Amino acid sequence: MLGFKITEIAKKRILILDGPMGTMIQNEKLTEKDFRGKEFEKHDIPLKGNNDILNLTRPDIISEIHFKYLSAGADIIETNTFNSNQTSQSDYKCEHITNRLNFEGAKIAKKVALKFKKINKRQIFVAGVLGPTNRTCSMSPDVNRPDYRNINFDDLKKDYFQSTKALLDGGADLILIETIFDTLNAKAAMMAIYEIEKELDLKIPLMLSATITDLSGRTLSGQTLEAFYNSVRHINPISIGINCALGPKELDSYLKELSRFNEFFVSIHPNAGLPNAFGGYDETPEKMAEYASNWSKDGYVNIIGGCCGTTPEHIAKIKQAVEKFKPRNPRKIKASFRLSGLEPFNLD
């Protein structure tokens, strides 16, 4: 698959990931009519906020956003499919269109990538995005019923299986499981990918990106970064990284920690700072580029981009800041017995 070319390029230079769809879509000031289009005019609940449905109703806007990020210097663009799964789409009574959302999301991104490549003679990769859903396998949503779960592993695996196949059919070059706050959810996605590999007799290039939810340095389900790493390294991904929830200042020490023990490429796409009182993000492109420059100079990153609040201007400044530096060399770690609960256990 084309996605495996990314490993050869990543050995030679730092790759640029794009920024968020959500921020750019919000800037468009779209109305309920934009989200409904003609096909969903009579849908019985509001659709505004279901960004993924724009793959069907306003593909022109999604294409334009992809093109803006590519023009800013992105090497990898993410499909507009963060919530294109039955679990998340059930909030909008749109479970029945998840296949189409993923297929069209990948198709739109691929079409823009090929067009941009033809004009600019630059290799572009399309990352099919699998988001975390709005439910968790590891924790109860009811504090009075710690044993209760509102989703189970097998149902989530089936959901991810369907989404992943549609992304690949639509032209995704690799799969990105991102904003991982519950490792068990991510394992359901990984199991789905493994089953597709067996069914189709191929190896799917995979990127993983966890989310540290606060300054404790842990995911929402309680794992430290190294415990998370121990939990997922067996899938042999292209990269293991971090994104969302925090800005570059807050993620600085955790990026350095992840780089210390990571035998794969390291990715990071932070928010543009922490949310302000109005829910916006204030970190400037110049300031984010400064962090990107320092991380690259010190050899901590292979793939870098932006999450909530970042724009093509941020991506352009980040690209300028890192292009003169060599990529991080993945760690060669000693073979050892590695387990994890909330903490890592390594026996060498």
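Reported count of residues in the range 287-339, each being basic (Lys, Arg) and assigned to a loop (DSSP other than H, G, I, E, B), is 6. Hey, does the range 71-83 have a residue that's surrounded by fewer than 17 Cβ atoms within 10 Å (Cβ to Cβ), assigned to a loop (DSSP other than H, G, I, E, B) and among the charged types (D, E, K, R)? Within the range 71-83 (the criterion being surrounded by fewer than 17 Cβ atoms within 10 Å (Cβ to Cβ), assigned to a loop (DSSP other than H, G, I, E, B) and among the charged types (D, E, K, R)), the answer is no, since none of the residues qualifies. Number of residues in the range 136-165 that are of a type outside the set (Ser, Thr, Tyr) and either within 20 Å of Pro205 (Cα to Cα) or crowded, with 19+ Cβ neighbours inside 10 Å (or both) equals 8.
Applying the criterion of being polar (S, T, N, Q) and over 21 Å from the mean Cα position of the chain (by Cα) to the residues of the range 93-145, the residue that is modelled with the highest pLDDT is Asn120. Provide a single number: the residues in the range 318-341 that are touching a strand residue (DSSP E or B) at 6+ places or on another chain (Cβ under 7 Å) and either polar (S, T, N, Q) or in contact (Cβ under 8 Å) with a residue 60 or more places away in the chain (or both). Matching residues across the range 318-341 total 8. The number of residues in the range 24-58 being surrounded by fewer than 17 Cβ atoms within 10 Å (Cβ to Cβ) and under 24 Å from Ile77 (Cβ atoms) comes to 6.
Only one of Leu70, Leu30 is within 22 Å of Ile304 (Cα to Cα), touching a residue at least 24 places away in the same chain (Cβ under 8 Å) and out of contact with any Cys (no Cβ under 7 Å at 6 or more places or on another chain); which?
Leu70
I want to confirm something. Restricting to the range 263-289 and keeping residues that are hydrophobic (A, V, I, L, M, F, W, C) and under 12 Å from Ser209 (Cβ atoms), which single residue is surrounded by the most Cβ atoms within 10 Å (Cβ to Cβ)? Within the range 263-289, the match that is surrounded by the most Cβ atoms within 10 Å (Cβ to Cβ) is Ile268. The criterion of at least 1 residues that are of a type in the set (Ser, Thr, Tyr) is met, among strands (runs of 3 or more DSSP E) falling completely within the range 120-210, by 174-180, 206-210.
It is to be established whether one or more residues within the range 283-295 are farther than 24 Å from Glu8 by Cβ, touching a strand residue (DSSP E or B) at 6+ places or on another chain (Cβ under 8 Å) and of a type in the set (Phe, Trp, Tyr).
No, every residue in the range 283-295 fails to be farther than 24 Å from Glu8 by Cβ, touching a strand residue (DSSP E or B) at 6+ places or on another chain (Cβ under 8 Å) and of a type in the set (Phe, Trp, Tyr).
Checking the condition surrounded by fewer than 23 Cβ atoms within 10 Å (Cβ to Cβ), within 19 Å of the chain's Cα centre (by Cα) and in a helix (DSSP H, G or I), which residue from Arg233, Arg260 passes? After ruling out the rest, the residue left standing is Arg233.
The values are calculated or read from the model by the stated rules, or taken from the named source; none is laboratory data. Small disclaimer: the values here were computed from a predicted structure and weren't measured. Virtual Cβ from ideal backbone geometry, glycine too; neighbours counted across all protein chains shown.
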